[in-house]
Structures are given as structure tokens and as C-alpha cells.
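Structure first, then comments.
The values are calculated or read from the model by the stated rules, or taken from the named source; none is laboratory data. All of these numbers come straight from a predicted model, not from anything done at the bench. Using ideal geometry, Cβ is built from the backbone for each residue, glycine included, and neighbour counts are taken over all protein chains shown. Remember, those area values only see protein heavy atoms, side chains included, never the ligands or the DNA or RNA. Shrake-Rupley method; radii C 1.70, N 1.55, O 1.52, S 1.80 Å.
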Amino acid sequence: MQTVNEPLKVTKTRPSKHINYTATAVLAVLGIFAILGPLYITLMIAVKNPSDMTNVLSWPKQFNWSNFTNAWQMTDFPTMFRNTLFITAWTIIFTIITNSAAAYAITRNRGQSKFFNALYYYFISAMFIPFNVIMLPLVREVSSMHMDNDFGITFLYIVFGMPMNIFLYSGFVKQIPVALEEAAVMDGAKPYQVFFKVIFPLMMPMHATVAILSFMWTWNDFLMPLVLLSDPKQQTLQLAQYVFQGQFSTNYNLAFASYVLVLAPVLIMYVIFQRFIISGVVSGAIKG
């Protein structure tokens, strides 16, 4: 029998493992449908004839592979692919070099300088400004400076990517011991040598993450090329999709075949390098 002064014993009940497994399985199935469902619909529409469009979920009666050939020709795919690849490649190269250098300088000087600390928060605050807010003034300024071309839009991609990239790079740089830099300085290395020979190679995991995120953003972007690129010969793959949009109708079969062609490089790159995206974002956010 329990006495008055004896403390009550509380029995803790553990959640059933069966419930956890069931919830995990349900969430996994929902996630698979959420990801693969739109992809399935896109592929089905891309290989159908217009007469089979009564039910977009149904299997096509006959696979019409000529949709891809027609979409390739109508969008001038080789030219648009070259333009998009040019913008994306140069954006990635200069983004990695400039953004990593800026993040390194800011991170190593934040503790000693109020200017660099304010500069860090200045870049971070830019992540909360939607592009639509500055779109019209930006178009006017870009046109006045004759930057409404592939070189100008590449420069803007680098600049607009700095807030997020500096946040990621800064968190990664904080994990690199300062002793490595001090040892390089004692060996006679200059500041730029310390960065490019010591720090830059150590940032390879974050370089991979920034490169993949920049690739996916630049390759898939539609709004900035739409408002900035004035020369039709410099248009990107995303703008080329307009050719399927008529005044009174849309050729969905050819349009979705073109979407698959545009989506394929991004999907392949993401599947191969997705581990760098997850690990890099986590590493950059731990000590941001």
C-alpha cells in the first residue's frame, strides 16, 4: 500500500513502432505520388495524339514519338539550347568564384569589423525582396545600359544569387579552422594565395551545392529572360515554349514534348548530384 509521503510513479508509454512505420509508409507513398504524378502526366501527354486527349491519365493508344521531333524543330532547340547553356555555364563559373570570395572576406572579418557584419546582413536581407518588386525599374536600367542581352542577364543572375550563396558559403567557411590560413601566411602566402590555394579547394562540397542550385535556377528561369532579353536570337529554351501558344488554341502534345526535352538535363543532373544539395545546404546552414 502506498504511503502519503511516497512519490507517485509515472509510467511512460512509448509510441508503438507499428504506428511510426505505418505513418512513414503513408507519407512515402504520398510523396511518391506528388513527385511522380505530374511527371507521369507530362510524359503521357507528350507521346499522345490530339485525339487521345480526352483523358490525360490514360495510357496512349499509340505512342506518337514524332511529337519530340516536331517540338525540336518548332522551338529551334539547338540554338535555344546553346543560348541557355551559355548563360547557365558562365553564371555557374563566375558565381562560384565571386560569391565564395565575397563570403570568405565577409565571414573572416565579421567579428572585427562592424562594416563587414552589416554587409553580411545586407546581403541576407536581399533574400526577402521578391523579384517582381524590382522588375520594372530593373528593366529600365538594364535597357539604358544596353545590358538586355545574354551577357547582361548572366551578370544579373550572379548578383541576384549572392544573398543565398553568401549565406551558404559563410556557414561553411566558419567550419574551416583559421589555423590553416595562419600557417599559410607564415609560409609567405599572400591573401589571394591563401584563399585560392588553401580555402577554395576545401570549399568543394559547397561549390558543388551552389553550382547545382544555380544550374537549376538559371536553366528553369522564365521571368528574367522574358523581361530582359530583347533579341529573339538570344532567347532561352523557356521562352521558346511560347511557339505552342496560339491566340485561340494550344498544341498541348507538342508543348509537353518540348517540356520533357527542357526538363531532361535538370532532372538528370538533380538525380546524380542530389546528395550534394542536401549535404551542402545543411553544412551551410549550421553556423550561418
Filter segment 155-174 down to the residues that are farther than 13 Å from residue 108 by Cβ and more than 15 Å from the chain's Cα centre (by Cα) and list them by number. 155, 156, 171
Of (1) out of contact with any Ser or Thr (no Cβ under 6 Å at 6 or more places or on another chain); (2) open to solvent by 60 Å² or more (accessible area, probe 1.4 Å); (3) outside any loop (DSSP other than H, G, I, E, B), residue 59 fails just (3)
Here the qualifying pairs (Cβ atoms under 6 Å; residues six or more apart or on different chains; first in segment 49-75 and among the charged types (D, E, K, R); second in a loop (DSSP other than H, G, I, E, B) and open to solvent by 50 Å² or more (accessible area, probe 1.4 Å)) come out as 52/61
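Collect the residues in segment 157-185 that are under 30 Å from residue 226 (Cβ atoms) and assigned to a helix (DSSP H, G or I), keeping them in residue-number order. Full working, then the answer.
Here is the first cut: in segment 157-185, the ones under 30 Å from residue 226 (Cβ atoms) are 157-169.
Passing the criteria: 157, 158, 159, 160, 162, 163, 164, 165, 166, 167, 168, 169.
Listed here are the residues, each with its yes/no results for (1) within 17 Å of residue 267 (Cα to Cα); (2) out of contact with any His (no Cβ under 6 Å at 6 or more places or on another chain); (3) not in a loop (DSSP other than H, G, I, E, B).
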{"position": "21", "(1), (2), (3)": "no, yes, yes"}
{"position": "24", "(1), (2), (3)": "no, yes, yes"}
{"position": "28", "(1), (2), (3)": "no, yes, yes"}
{"position": "34", "(1), (2), (3)": "yes, yes, yes"}
{"position": "38", "(1), (2), (3)": "yes, yes, yes"}
{"position": "45", "(1), (2), (3)": "no, yes, yes"}
{"position": "48", "(1), (2), (3)": "no, yes, no"}
{"position": "51", "(1), (2), (3)": "no, yes, yes"}
{"position": "55", "(1), (2), (3)": "no, yes, no"}
Looking only at helices (runs of 4 or more DSSP H) that lie completely in segment 194-273, which have at least 1 residues being out of contact with any helix residue (DSSP H, G or I) (no Cβ under 7 Å at 6 or more places or on another chain) and touching a residue at least 40 places away in the same chain (Cβ under 8 Å)? 204-220
Every residue in segment 128-151 that is open to solvent by less than 70 Å² (accessible area, probe 1.4 Å) and either under 22 Å from residue 101 (Cβ atoms) or of a type in the set (Phe, Trp, Tyr) (or both), please. 131
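May I ask you to verify whether residue 104 is assigned to a helix (DSSP H, G or I), open to solvent by 20 Å² or more (accessible area, probe 1.4 Å) and within 30 Å of residue 165 (Cβ to Cβ)?
Values: assigned to a helix (DSSP H, G or I): yes; open to solvent by 20 Å² or more (accessible area, probe 1.4 Å): yes; within 30 Å of residue 165 (Cβ to Cβ): yes.
Against the criterion (assigned to a helix (DSSP H, G or I), open to solvent by 20 Å² or more (accessible area, probe 1.4 Å) and within 30 Å of residue 165 (Cβ to Cβ)), residue 104 qualifies.
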Qualifying residue in segment 171-181 (condition: touching a residue at least 12 places away in the same chain (Cβ under 8 Å), of a type in the set (Phe, Trp, Tyr), surrounded by 12 or more Cβ atoms within 10 Å (Cβ to Cβ) and in contact with a Phe, Trp or Tyr (Cβ under 8 Å, 6 or more places away or on another chain)): no
Quick one: which of 202, 226 is more than 21 Å from the chain's Cα centre (by Cα), open to solvent by 40 Å² or more (accessible area, probe 1.4 Å) and at pLDDT 85 or above? 202
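If you check 86, 115, 68, which single one turns out to be open to solvent by 90 Å² or more (accessible area, probe 1.4 Å), in a helix (DSSP H, G or I) and modelled with pLDDT of 85 or more?
Values: 86 fails: open to solvent by 90 Å² or more (accessible area, probe 1.4 Å); 68 fails: open to solvent by 90 Å² or more (accessible area, probe 1.4 Å).
Answer to the selection: 115.
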